[in-house]
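Every number here is computed from the coordinates shown, using simple stated rules; none is lab data. Because the structure is a prediction, the values reported are computed rather than measured. When we count neighbours, we look across all protein chains shown, and the Cβ atoms used for this are built from the backbone with ideal geometry, even at glycine.
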Amino acid sequence: MEDKSPAYDRLKDWILQLPGVTEALHRLGGTEFRVNGVEFMHSHGPLWLDILLSKEDQSSVLKAGQALRHRAGVHDQAGWVSLRTESSKDITNAKKVVQLAYEYSKKNPKGDKLSEE
């Protein structure tokens, strides 16, 4: 699945300008984004994002309708949420949620460190 759309490309450029962020192929397809070697989000094509938040931030964005529960229960319990990115409004919202994930992962580098391949 290709990660190509003008809106997604703008979001990806924005994510990659965050200090310390790198991208890699995600083990299940798509693109993952890491800070300090820890995955904090990934995409499944240009319209679907999975983002790791603190439990507090997860609860907040779900209550505010800024994200959806992750489809897999185990990931939902770990703090993951999902987003659709089909419009410029969705991209604006995604940036807010991604920023939360980025800040959380920077402060909590205990996530699964993945080797650079």
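Lys and Arg at +1, Asp and Glu at -1: add these up for the other residues within a Cβ distance under 13 Å of Glu103 and post the number. Intermediate values should be presented prior to the final figure.
Numbers: positive: Lys95, Lys96, Lys106, Lys107; negative: Glu56, Asp57.
Its environment carries a net charge of +2.
How many lysine pairs are close in the chain, with Cα atoms under 22 Å apart and the two 8 or more places apart or on different chains?
So the count works out to 24.
Once the other residues with Cβ under 12 Å from the Cβ of Trp14 are scored (Lys, Arg +1; Asp, Glu -1), what is the net sum? Write out the running numbers ahead of the final one.
Working: positive: Arg10, Lys12, Lys95, Lys96; negative: Asp9, Asp13.
Charge balance in the 12 Å sphere: +2.
Okay, helix-only estimate at 222 nm for the chain: each DSSP H run of n ≥ 4 adds -39500 (n - 2.57), divide by all residues, round to 500 deg cm²/dmol; what do you get?
Details: 4 runs with 46 residues, N = 117.
Roughly -12000 deg cm²/dmol at 222 nm, from the helical runs in the chain.
Below 8 Å, C-alpha to C-alpha, sequence gap of six or more: please give me the relative contact order for segment 1-91 in percent. Provide the component values of the computation, followed by the final result.
Values: 139 pairs, mean separation 22.8, N = 91.
Once divided by the residue count of segment 1-91, the mean separation gives 25 percent.
Thinking of the chain as a set of Cα atoms, what percent of all their pairs are more than 26 Å apart? It would help to have the intermediate numbers written out before the result.
Values: 617 of 6786 pairs.
Within the chain, distances greater than 26 Å cover 9 percent of Cα pairs.
How far is it, in nm, from the label point at Asp9 to the one at His44 when both lie 7 Å from their Cα along the line to the Cβ?
For Asp9 paired with His44, the spin-label model returns 2.5 nm.
In nm, to one decimal, how far is the modelled label at Gln66 from the one at Lys106, with both set 7 Å along Cα→Cβ?
1.6
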